[in-house]
1. If you stretched the chain out fully between B:R73 and B:D10, how much longer would it get, using 0.36 nm times the residue separation minus the C-alpha to C-alpha distance?
2. Starting from the amide H of B:M229, placed 1.01 Å from N in the peptide plane, find each other amide H under 5 Å away whose residue is 5 or more places distant or on another chain.
3. Counting only pairs 8 or more residues apart or on different chains, how many lysine pairs in the range A:151-237 have their Cα atoms under 25 Å apart?
4. Under a Cβ-Cβ cut-off of 9 Å, what is the net charge of the residues other than A:L74 that fall near it, where Lys and Arg count +1 and Asp and Glu count -1?
5. Taking 30 Å as R0, compute the FRET efficiency from the Cβ-Cβ separation of B:R216 and B:S270 and round it to 0.05.
6. More than 25 angstrom separation, counting every C-alpha pair in the range B:195-311; what % is that?
7. 5 Å is the cut-off here: which amide hydrogens, built 1.01 Å from N in the peptide plane, fall below it relative to B:V195, excluding neighbours closer than 5 in sequence?
8. Name the shape class, rounded, prolate or oblate, that the alpha-carbon gyration tensor gives for the range A:148-189, where a ≥ b ≥ c are the square roots of its eigenvalues, rounded holds for a/c under 1.5, and otherwise prolate holds if a/b is larger than b/c and oblate otherwise.
Amino acid sequence: MKFVCLNCEAFMLFQKVEQPGEGTLGVEFLCPTCKARFSMVTNPGETQMVQALGVKIGGRTTAPEAFELTRDTLKDGAECPVPAFSASAARAADTPSTGDAAGGSCPFSSVVASMGSGASATGSENGPTSLEWSAEALDRLAKIPDFVRPTVRAEVEAYARKSGESFVTQAMIDQYKGTTAELAWTSEATKRLENIPFFIRPMAKKEIERMAREQGRAEVTADMMDHAKTAFAKFMGG
Amino acid sequence: MSVSMAPSHDLKTILSKLQFPDDAQVMRQIVDHTLQVKMRMGRIKRKIVVMSGKGGVGKSMTTVNLALAFARRGQTVGVLDVDLNGPCVPKMLGMSGRRFEITPDGAAPPVGPLGIRVASMDFFLRDEHAPVRWKGSMELSPVWLGMLEMNVIREFLADIAWGELDLLLADLPPGAAADKPPAMANFLPELDGAVVVTTPSEVTTDVVRKSVLYARDVGIPVIGLIENMSGYHCPHCGHESDLFVGNVESVAADLNVPLLGKIPFDRELSQRCDGGRPMLESAQPIAKRFDDVAQRIVDCLNFRQIVADTL
């Protein structure tokens, strides 16, 4: 990808790449003629796409090592007993990586967390162990048909972990139940949702509903849309 | 005072006058990647992919037993398990739990029975039940996943220190993963061809037909078909009878591809694959079948010589 300065009719030159926030890249370009400077900022999805290319924008500063993309990108890579490999330390001085700065396995975990998304907040990334349940909570779980019981159990436990709880009670089940109820949308909110391009609308709807549930709302209103808009703008640095 | 920001030329005209500068060094790295693949693959005489349009037809079992058959012929063989998400070649060869050795020259592949060198995603996993999970949020955008897998395959081709090989067999994932055959064709323009595995079922052969045509479309020559589960080999009396009804001969004729062989369902072979105890000798009839298929593949690859000799 290149930028062209239409006034000077020249390719803008790559200057540097930086990491203005977790999960984003800022790639700075300079027009060699008028000296105008631009920074292209990527969102988490675009950052992930760039990472998937397996290249370092601006060039490498360390020698390539075998399977560096595979090993850096495998979620369980740190637990994989591959022979000693010092690339991580060496890579720290390289083009900024979007991964694991916070020690989490998802490179965007802190971004998503800052948005309040549940994307990475569903418990331990390395296979959660079962939580303890109160006898009453287990009784309620037992009333659920057995073929869906494991799914419900996993979802309630994920919800409990997200809430910072390690013990599942009846109250916790009630709270979880509240999160699964279908939300109503006012016509105004629906209309505003339709302003969002169709290909990202489902993602946006899901995120807005998650925010609404977090606020204990039963309905998505125009006011909620304003709140979501502010949250999204904050996430994008707007 | 106002400054006019309107460009004097359209973008097409401007670009025609400019030379693309790779100042971010992205193109250079991509070229380096390609050169690295070429360098590695240049030391391998023959490269064959084993594929099918259908899942569960026995691609990995076929790959493993063909590798053993070629190794029995005295060839130096490598097996590349391209099924990134469901790698099972190591288990079938009794190599679960093995690891790559990362050296300055690349990743040294573990060596299995009959000296077969194996590369698989399985060698990166914590244990045999651990799924392949990538960092990155699927909720934000899983679009990057295809590109990531393509680059992981590129690393498998570029970073493994195979050394000199007579043959590299690549076990592709089921045909639904339609990006893998073109990825392989793109990385390996000198690919010798594909062995396509089918079973005696109309549903399977319908899908296999599509994959043969698809392989041709992306520039992969089809060496031939292998019909797996072609009948049942009785472990008691040795009699072979039909298990399903199929007509692979007519499918091969329709597609104008050679039928390389038919492999009957064999309980012992199945148990050995599951248990990681591959058939190393040709003593068993089923192993002999794979020897025959291997011979046919050699004949197909050398058909010009055979035509020259026999026409």
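1. Gain in length upon complete extension: 16.3 nm.
2. Under 5 Å from the amide H of B:M229 lie the amide H atoms of B:I263, B:F265, each far enough along the sequence or on another chain.
3. 15
4. +2
5. The pair B:R216/B:S270 has a calculated efficiency of 0.40.
6. 30
7. B:V49, B:V50, B:M51, B:I223
8. Prolate shape, in that a/c is at least 1.5 and a/b is the bigger ratio.
Just so you know, all these numbers are worked out from the coordinates, no wet-lab data involved. Everything quoted here is computed from the prediction, not taken from an experiment. Every residue, glycine as well, gets a Cβ built from its backbone with ideal geometry; the counts of neighbours run over all protein chains shown.
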